[in-house]
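The values are calculated or read from the model by the stated rules, or taken from the named source; none is laboratory data. These numbers come from a predicted model, not from an experiment. Here the Cβ positions follow ideal geometry from the backbone for every residue, glycine too, while neighbour counts run over all protein chains shown. The protein model used for the area step is the full one, side chains on, heavy atoms only, and it has no ligands, DNA or RNA in it. Shrake-Rupley method; radii C 1.70, N 1.55, O 1.52, S 1.80 Å.
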Amino acid sequence: MSGTLVFTDTKSVDSYHFSLTNAAPDRLIITEESIEYHHKTENKPHEVLLEPNFRESALADSKDFVAKSIYQMLAYCKVYQFHDSSNEGPLRQACPVDTANYLQSYGNNLPSFLLFLRDNYADSYKRIVAYVRDVVPQFQDFYLEPTNQTISLRWIDNSATDYRFNAYQLSDGSIRFIALATLLLQPAKTMPDVIILDEPELGLHPYAISQLAEMIKDASIHAQVIIATQSKDLVDHFNVDNISVVEMDEKTQSTIVTHLKEDDYKLWLEHYSLSELWDKNIIGGRPV
């Protein structure tokens with residue numbers, strides 16, 4: 001397996017090439033790595049072959065300035081998946097208070113990060129609370145009080161009682177939405193440059209999906225947001241130009257990504273929604 005990542009701006013093109021192969025016991029190792037830097041004012045690119053240690057990329061330890069630059073760009077990309085909302089899952093567990101500098105990939109430090117936002121970015125925290133109230137009607141606010149250097153995701157409802165609810169008293173969809181709101185409504189200073197979310201719509205109420213779309217658009221002001229989804233409801237909240245279709249090419253036996261262009265579907269969209277075009281296999285993304 002091999003791949004190439006290309007980073008471009010108005011002045012230059014950076015490329016990172018890598019090759020992987022299988023090894024015992026049932027794992028992938030890096031066998032080849034190279035980087036290329038091509039300033040648009042120069043005729044020839046600057047190319048460097050890296051020496052991988054098989055288990056890890058050589059980007060992290062390379063002294064080459066381009067390698068360091070690419071490594072830094074990749075470090076600012078964060079992949080998130082909030083699927084495990086079980087009682088033993090990371091979203092419902094207590095965590096150390098001092099794990100609050102960024103939201104972790106599976107929401108392991110959700111309560112400590114919310115506490116961090118409440119104490120340092122009150123406006124962002126209030127927006128998160130407002131969105132959660134909108135989707136979870138009985139929710140009033142989080143109750144974030146550390147105990148012995150750990151903190152749990154507790155909350156209060158909008159009744160007159162002073163009872164404090166625990167994370168296990170949230171539905172799967174509610175706690176996933178809380179994690180999504182925390183990720184997408186955090187301040188620009190703490191947000192990754194690239195956010196990659198895998199199927200964020202799972203378990204959400206249809207109204208929550210519409211709010212999710214609004215939060216994605218909000219986050220995209222400060223970061224590049226890449227969503228992998230199979231939800232027709234979510235797709236309908238975006239323009240054609242925002243959509244790429246991922247399919248298997250039968251001839252090459254490889255994955256292809258087709259970025260849609262609005263001009264190609266302008267007449268169709270006068271009569272059908274984007275999800276209807278998906279159902280009809282006009283834009284692809286369905287078995288032939």
For the stretch 239-261, enumerate the residues that are surrounded by 15 or more Cβ atoms within 10 Å (Cβ to Cβ) and assigned to a loop (DSSP other than H, G, I, E, B).
I243, L260
Can you tell me which residues in the stretch 199-213 are of a type in the set (G, A, S) and at pLDDT 95 or above?
A208, S210, A213
When you scan the stretch 189-206, do you find a residue that is open to solvent by 90 Å² or more (accessible area, probe 1.4 Å) and part of a helix (DSSP H, G or I), even just one?
no
Residue satisfying all of: in the stretch 254-277; touching a residue at least 24 places away in the same chain (Cβ under 8 Å) and within 23 Å of the chain's Cα centre (by Cα); nearest to S244 (Cα to Cα) among these:
T258
Only residues that are not hydrophobic (A, V, I, L, M, F, W, C) and not in a strand (DSSP E or B): list them for the stretch 122-142, please.
D123, S124, Y125, K126, R127, Y131, R133, D134, P137, Q138
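Rundown of residues vs (1) surrounded by 17 or more Cβ atoms within 10 Å (Cβ to Cβ); (2) closer than 24 Å to V225 by Cα; (3) of a type outside the set (V, I, T); (4) touching a strand residue (DSSP E or B) at 6+ places or on another chain (Cβ under 7 Å), yes/no style:
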residue: F54; (1), (2), (3), (4): no, no, yes, yes
residue: L74; (1), (2), (3), (4): no, yes, yes, no
residue: H83; (1), (2), (3), (4): no, yes, yes, no
residue: C95; (1), (2), (3), (4): yes, no, yes, yes
residue: T99; (1), (2), (3), (4): yes, yes, no, no
residue: Y125; (1), (2), (3), (4): yes, yes, yes, no
S152 is checked against (1) more than 18 Å from A100 (Cβ to Cβ); (2) open to solvent by less than 60 Å² (accessible area, probe 1.4 Å); (3) of a type outside the set (D, E, K, R) and fails just one. What number does that condition carry?
(1)
Which one of these is over 30 Å from D14 (Cβ atoms), of a type outside the set (S, T, N, Q) and outside any strand (DSSP E or B): D119, D61?
D119
Restricting the stretch 127-146 to residues that are open to solvent by 50 Å² or more (accessible area, probe 1.4 Å) and in contact (Cβ under 8 Å) with a residue 40 or more places away in the chain, which is nearest to D172 (Cα to Cα)?
D134
Please identify the pairs in which a residue from the stretch 29-53 that is closer than 16 Å to S2 by Cα has its Cβ atom under 9 Å from the Cβ atom of a residue that is of a type in the set (D, E) and modelled with pLDDT under 85, counting only partners at least 6 apart or on another chain.
I30/E56
Quick one: is G173 closer than 30 Å to V235 by Cα, surrounded by fewer than 22 Cβ atoms within 10 Å (Cβ to Cβ), in contact (Cβ under 8 Å) with a residue 24 or more places away in the chain and small (G, A, S)?
yes
So D233, is it assigned to a helix (DSSP H, G or I), in contact (Cβ under 8 Å) with a residue 24 or more places away in the chain, open to solvent by 70 Å² or more (accessible area, probe 1.4 Å) and not polar (S, T, N, Q):
yes
Suppose we filter the stretch 176-188 for residues that are under 21 Å from E88 (Cβ atoms) and either modelled with pLDDT under 95 or open to solvent by 10 Å² or more (accessible area, probe 1.4 Å) (or both); how many remain?
1
